[in-house]
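**Q** There's a structure below that I have some questions on.
The values are calculated or read from the model by the stated rules, or taken from the named source; none is laboratory data. The model shown is predicted, which means the values in this text are computed figures rather than measured ones. Here the Cβ is made from the backbone with ideal geometry for all residues, glycine too, and neighbour counts use every protein chain on show.
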Amino acid sequence: MLDLIWLIPVLPLAGALINLILGRKLGDPRAGWVATIATASSFLVTVLAYFEMLGLPAEERSHVATMFSWIRVGSLQVDLAVLADPLSIVMALFVTGISTLIHLYAIGYMHGDTKFSKFFLYLNLFVFSMLMLVLGENLLVTFLGWEGVGACSYFLISFWHTRNSAAVAGKKAFVTNRIGDFGVMAAMFLAFNSLGTLSYHAINESAHSGELAAVTATAIGLLLFVGACGKSAQLPLYLWLPDAMEGPTPVSALIHAATMVTSGVFLMTRMSPVLHASFEWLPTVIAVVGAATALYAASVAVAQNDIKKVLAYSTVSQLGYMFLAVGSGAYVAAIFHMVTHAFFKALLFLGSGSVIHGMHHEQDMRRMGALRKVMPVTAFTFIIGWLAIAGVPPFAGFWSKDEILLYVYANNRGLYVVGLITALLTAFYMTRQVIMVFYGKAKWNDHSAEHGSHGDLTPHESSWVMLTPLVILSGLSIVGGAMQLPFGKNFNFLERWLAPVVEESEAHIGETWAYQNKYLLLVVAIVVAVVGIAASIAVYAKSWIKPIEPKVLEQAWYYDNAASRLIAGPGARTFNLITWIDANIVDGVVNGVGKLIQNIATSLRRAQSGFVRAYALLISLGAVVILAWFFLRGALL
Amino acid sequence: MIASSAEVLNFPILTLLVVLPVIGSVVVALLGGSRPEWMKLAALVSSVSTAALSLWLLAAFKTGEAGFQFVSQHAWISQWGISWHLGVDGISLFLIVLTGILFPLVIVGIDPHHNETSYFAWMLLLQAGVMGSFLSLDLFLFFVMFEIVLVPMYFLIGGWGYDQRVYAATKFFLYTMAGSAFMLIGIIATVALAQRDLGVVTFDLVKIAEGAKFSTNAARWLFLSFAIAFAVKVPLFPFHTWLPDAHTQAPTGGSVILAGVLLKMGTYGFLRFGVYLFPQAAMWARPAIFSLAVIGIIYGAIAATMQRDLKRLVAYSSVAHLGFIVLGTFALSSQAVTGAVMQMVNHGVSTGALFLLVGMIYERRHTREIAELRGIQHVAPIFAGVFTVVMLSSVGLPGLNGFVGEFLILIGSFGPARWWTLVATVGVVLAALYLLWAYQRVFHGEPDEANSTFKELTLREGLLMSVFVAIIVVSGIYPKPILDRIEPSVGALIEHVEGQTK
């Protein structure tokens, strides 16, 4: 089976090609089923590969399958090859698994859309690219996937492209990501020029052995982190992600919550030996950026009223948490949180999609309320997602968040406090969301008049294709924590599984105060979550306290505005100036010379005798002079 | 670039590649008046058989060999040592094939609308000149071919172009001509100086490059005289201003050929003549050329971003793309030069395709103003899809052809030109900006009245574009057959340079 791992990305690609050729003929819903089956079979292959790998001893769990040689020139030898090892199999498992569920959901969600088959074409293409990214044997194959998911993200954000905001958001996402990609490209140039290879195995080997100088390792790590900041929406490049919510909700769930945006965390983990070999300030920078992003985005989420915007900022915040883990040397915890986050955030997004669907495309939470009565399954599953993200035991998010906080405490207590505050805010804004959407008074009745064309707005529960994924994901959000529990050797399954990949770079905290008091930290985390939830109930359910939602938070600290103004103002002016210089100065000189010659020629016209013999004589004379000059020069020098 | 062996084939395929279009051109001109319906057939037969020949050449080309193949050498003006000397190696092979394929596509795919006879005659003559330039291994022959190209292009722009065609054609002609004047002096001087080392007067490229020992100063001057001609042709910043005018005013077919193969005569010239003849001087000039190339990348991208005319935007994007090629050419590492040669072809394919698409937009809407266009994807999704693929190729998306060349250039230039390469990489970001922004304004949004009747891709257009899309996708996923043929010749050239500069 391990020799067939190339099937994992190729199956969704095949699905995309089928829909490219036959999509319109297949139509709604068959095109969706083709795509779903393609992804499901990819999941199946991954599961089989996983079990085969499970049967191997730990040190043999690395298998390369080469498809064909891709770019080979001189010492640069890059194959289109995929690598199955514990890390890539974990990634592939949750990517294909969640993709399958979201494909299924999208059959219901996209029902009736005029571009139904095209949606699934893009979605399958995305899954292919994402799998190339995580399964790549070298940086270049990962980069192929990395840019591929970026392109698919662009197509899908601007899927409803007649809407101007969607078109702008798609472009913004692609261009901002490209800024990050500069880092990834430069990292590849540096890695190749110092080590002569782009293969993960070879690069990580040389980092282990010390062949890779610390300064080079730091530069490579930092450049890759720039790329990660773009793809995984960290400060200062996160700007595109909230806008990306313009895409259909299944896209937000799949690409902008569960999978693509975690690529940066994956890349950092894949290259963990390089980070380990760099100067110590690099992990610190990563941890600080992660913590700052986590806190920043959580503060913004508190004041959002769009149901998807809350989740978008929440995603940025949770990704920050993962980078906080990476910077603290907690790679296992980062992957752990990545997986549990994929479960509950996909669940929350799909739940919000179900709400939006049932509310006839209303996304403003202020017009919702009491929806649990009309949408019981959606409400029930959403509540499970809420408990998971808020950090309530025994739901999945509690365990992964706690694991991160444990390592952060051992590494840097200041950042631990930031992490706790973020956790508190997370519990607070998610409770706010649940209350505004599912509890309280039904506000959709008051506004039904405004929905003129829709007639009376009566929310409805979604169909089974949409609810089944919700139920499965809520199940995973309940038990997902079981893969890594803090109760010692028999419960740390994920840690043992990932050990061959990250063991040597992972921070060792066994001797620290934090580890010895880990149950105390567990209790602190529970208290924080409960306080956050209680405070939110006090404000939004009981109205004991007036909500504090300042404009500055709603506007995300005006960062996006400032950036837009910078680009539209000085940025555009500079570009215009350069364009003006080109048209008037650079070209002006050219035309000026032309004019000058014309004027001189006019006065010299008298020399034009009209005798061809005279011209020929002059030309020959000129040639002789030139030749003579060169002969003499040559002779003299 | 080993001196060509005695491998002279009986069948002079290279000569035929140059002569066939000339015959075609003459036949077209003769038939035009009396039998217009046969005239078009003649143009077609000539260009298609040239394409077939070039594809046969590709198939028969021996992979893995560095030297010139299919060499054809006949004395021409023997007292001056001028000969009809043609040869193909990995560096010129794909440019020949591109020239072979592009012309029939343009002839079949685009209607000139008026004066068909002279249009086709000029087109075929142009093809002969381009073929000759890429095949010549004799300095004099190269110069003749290099200059011949100007004449048909001048008439194509001036005769079938848009409003300011005469201005643009004249500017193109004079500017390029002025550049070549320096090269003519350079060629004569090169031959004169080489005579001392070789003992005979010869214009033979290989003999001079392998045998002559120019003094440092002389080589620098000679290199500069060639470099000016090529810099204008490429065009390298700041000699680029003829290009936007020529491109915008040229008829679609002219733009496709101009971007597709004509500009490559400059980059190819740098490699085949500048670097090969004067390695030391080329190394000496490197910092300046790197700088101009990188300025061109950023500057071209910025200027492209702010253009209001879609065709001008593509023209400025060419300035940026050619900057990458020049950077790679002079980085002189195996990856960079191989990437540069491949990128010459890639740029021809993707920018050629972009000009075709812009031409189709003009045919439908009679405007190229970005502000006049909107929401085309809604009414013509297939057209938009093809445009997207071509655009992403130009942006350098991995999996498509543009990435392979660009990536090889950058990764190969990073060693010899680290900081220049980093700045050049910023150009990759900007490429996404100007193309996606233009795409958003032209294709996204709700189409207004004028754009709501935009016609979907026709069958003929679709077939035409499918050739480009196929090349874009296939050579992006599996570039090995291309790289394997380019690399040995590049390797030999680099060895030659290293041998001379030690």
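This table checks each residue for (1) of a type in the set (A, V, I, L, M); (2) touching a residue at least 24 places away in the same chain (Cβ under 8 Å); (3) more than 7 Å from every other protein chain (Cβ to nearest Cβ).
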residue: A:VAL134; (1), (2), (3): yes, yes, yes
residue: A:VAL141; (1), (2), (3): yes, yes, yes
residue: A:SER158; (1), (2), (3): no, yes, no
residue: A:SER165; (1), (2), (3): no, yes, yes
residue: A:GLY170; (1), (2), (3): no, yes, yes
residue: A:ASP181; (1), (2), (3): no, yes, yes
residue: A:MET188; (1), (2), (3): yes, yes, no
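**Q** Between A:LEU424, A:LEU406, A:LEU415, which is buried (at least 24 other Cβ atoms within 10 Å of the Cβ) and among the aliphatic types (A, V, I, L, M)?
**A** Unique residue meeting the criteria: A:LEU406.
**Q** Could you grab me the full set of residues in segment B:135-180 that are basic (Lys, Arg) and away from chain A (no Cβ under 13 Å)?
**A** B:ARG165
**Q** Which of the numbered conditions does A:LYS25 fail, given that it passes all the others? Conditions: (1) touching a residue at least 60 places away in the same chain (Cβ under 8 Å); (2) more than 12 Å from chain B (Cβ to nearest Cβ).
**A** (1)
**Q** Please enumerate the residues belonging to segment B:229-239 that are assigned to a helix (DSSP H, G or I) and away from chain A (no Cβ under 11 Å).
**A** Result: B:ALA229, B:PHE230, B:ALA231, B:LYS233.
**Q** Next question, about the same structure. Looking only at segment B:443-502, which residues are away from chain A (no Cβ under 13 Å), part of a loop (DSSP other than H, G, I, E, B) and within 16 Å of B:GLY402 (Cα to Cα)?
**A** Once the filter is applied, which keeps residues that are away from chain A (no Cβ under 13 Å), part of a loop (DSSP other than H, G, I, E, B) and within 16 Å of B:GLY402 (Cα to Cα), segment B:443-502 yields nothing.
**Q** Next question, about the same structure. I'd like the residue in segment A:73-86 that is crowded, with 24+ Cβ neighbours inside 10 Å and more than 11 Å from A:VAL141 (Cβ to Cβ) and, out of all such residues, is farthest from the other protein chains (Cβ to nearest Cβ).
**A** Of everything passing the filter in segment A:73-86, A:ALA84 is farthest from the other protein chains (Cβ to nearest Cβ).
**Q** Looking at segment A:33-72 only, could you name the residues that are touching a residue at least 12 places away in the same chain (Cβ under 8 Å) and within 14 Å of another protein chain (Cβ to nearest Cβ)?
**A** Matches in segment A:33-72: A:THR66, A:MET67, A:PHE68, A:TRP70, A:ILE71.
**Q** While we're on this one: Taking B:PHE120, is it aromatic (Phe, Trp, Tyr), farther than 21 Å from B:LEU271 by Cβ, touching a Pro at 6+ places or on another chain (Cβ under 9 Å) and touching a residue at least 40 places away in the same chain (Cβ under 8 Å)?
**A** Against the criterion (aromatic (Phe, Trp, Tyr), farther than 21 Å from B:LEU271 by Cβ, touching a Pro at 6+ places or on another chain (Cβ under 9 Å) and touching a residue at least 40 places away in the same chain (Cβ under 8 Å)), B:PHE120 qualifies.
**Q** Tally up the residues in segment B:398-429 that are among the hydrophobic types (A, V, I, L, M, F, W, C) and surrounded by fewer than 21 Cβ atoms within 10 Å (Cβ to Cβ), please.
**A** 5
**Q** In segment B:120-143, what residues are of a type in the set (Ser, Thr, Tyr) and part of a helix (DSSP H, G or I)?
**A** The answer is B:SER133, and nothing else.
**Q** Of all the residues that make up segment B:382-396, how many are of a type outside the set (Gly, Ala, Ser), within 12 Å of chain A (Cβ to nearest Cβ) and free of Cβ contacts under 8 Å to residues at least 60 places away in the same chain?
**A** The number of residues fulfilling the criteria is 4.
**Q** What are the residues in segment B:418-428 that are closer than 12 Å to A:LEU190 by Cα and more than 10 Å from chain A (Cβ to nearest Cβ), if any?
**A** The answer is B:TRP419, and nothing else.
**Q** Filter segment A:156-168 for residues that are assigned to a helix (DSSP H, G or I) and surrounded by fewer than 22 Cβ atoms within 10 Å (Cβ to Cβ); which is farthest from the chain's Cα centre (by Cα)?
**A** So the residue we want is A:ASN164.
**Q** Provide a single number: the residues in segment B:181-213 that are in contact with a helix residue (DSSP H, G or I) (Cβ under 6 Å, 6 or more places away or on another chain) and either facing chain A (nearest Cβ under 9 Å) or of a type in the set (S, T, N, Q) (or both).
**A** Adding up the residues that qualify gives 5.
**Q** Something else: Answer yes or no as to whether B:VAL442 is more than 25 Å from the chain's Cα centre (by Cα), crowded, with 22+ Cβ neighbours inside 10 Å and not acidic (Asp, Glu).
**A** yes
**Q** Does A:SER75 count as of a type in the set (S, T, N, Q) and under 25 Å from the mean Cα position of the chain (by Cα)?
**A** The answer is no for A:SER75.
**Q** Can you tell me which residue among A:VAL82, A:VAL47, A:VAL73 is touching a helix residue (DSSP H, G or I) at 6+ places or on another chain (Cβ under 8 Å) and farther than 30 Å from B:VAL337 by Cα?
**A** The unique qualifying residue is A:VAL47.
**Q** A further question on this structure: Residues in segment A:157-178: is at least one among the charged types (D, E, K, R) and under 30 Å from A:SER462 (Cα atoms)?
**A** yes
**Q** When you look at B:LEU436, is it assigned to a loop (DSSP other than H, G, I, E, B) and either within 8 Å of another protein chain (Cβ to nearest Cβ) or within 17 Å of B:TYR362 (Cα to Cα) (or both), yes or no?
**A** In short, no.
**Q** Hey, another quick one. Could you tell me which numbered condition A:LEU13 fails, if it satisfies all but one of (1) touching a residue at least 24 places away in the same chain (Cβ under 8 Å); (2) farther than 30 Å from B:GLY412 by Cα; (3) away from every other protein chain (no Cβ under 14 Å)?
**A** Just one mismatch for A:LEU13, condition (3).
**Q** Of A:SER536, A:SER453, which residue is at pLDDT 90 or above and outside any loop (DSSP other than H, G, I, E, B)?
**A** A:SER536
**Q** Please verify whether segment B:297-309 includes one or more residues that are modelled with pLDDT of 95 or more and away from chain A (no Cβ under 14 Å).
**A** No, segment B:297-309 has no match at all.
**Q** Sticking with this one: Out of everything in segment B:362-381 that is part of a helix (DSSP H, G or I) and facing chain A (nearest Cβ under 10 Å), what residue ends up being surrounded by the fewest Cβ atoms within 10 Å (Cβ to Cβ)?
**A** Residue satisfying both the conditions and the ranking: B:PRO381.
Table: residues versus (1) over 17 Å from the mean Cα position of the chain (by Cα); (2) surrounded by 22 or more Cβ atoms within 10 Å (Cβ to Cβ); (3) in a helix (DSSP H, G or I).
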{"position": "B:LEU224", "(1), (2), (3)": "yes, no, yes"}
{"position": "B:ALA227", "(1), (2), (3)": "no, yes, yes"}
{"position": "B:VAL261", "(1), (2), (3)": "no, yes, yes"}
{"position": "B:ARG286", "(1), (2), (3)": "yes, no, yes"}
{"position": "B:ALA301", "(1), (2), (3)": "yes, yes, yes"}
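**Q** Kindly list the number of the only condition in (1) touching a residue at least 60 places away in the same chain (Cβ under 8 Å); (2) among the aliphatic types (A, V, I, L, M); (3) in contact with a Ser or Thr (Cβ under 7 Å, 6 or more places away or on another chain) that fails for A:ALA303.
**A** Exception for A:ALA303: condition (3).
**Q** Please determine whether any residue of segment B:328-345 is within 11 Å of chain A (Cβ to nearest Cβ) and outside any helix (DSSP H, G or I).
**A** Within segment B:328-345, one or more residues are within 11 Å of chain A (Cβ to nearest Cβ) and outside any helix (DSSP H, G or I).
**Q** While we're here: Keeping to segment B:431-478, report how many residues are in contact with a Lys or Arg (Cβ under 9 Å, 6 or more places away or on another chain) and touching a residue at least 24 places away in the same chain (Cβ under 8 Å).
**A** 19
**Q** Oh, and also: Can you say whether A:ALA173 is under 30 Å from A:THR468 (Cβ atoms), of a type in the set (A, V, I, L, M), buried (at least 24 other Cβ atoms within 10 Å of the Cβ) and not assigned by TED's automatic domain parsing to the domain that holds A:GLU503, as far as the supplied structure shows?
**A** Yes.
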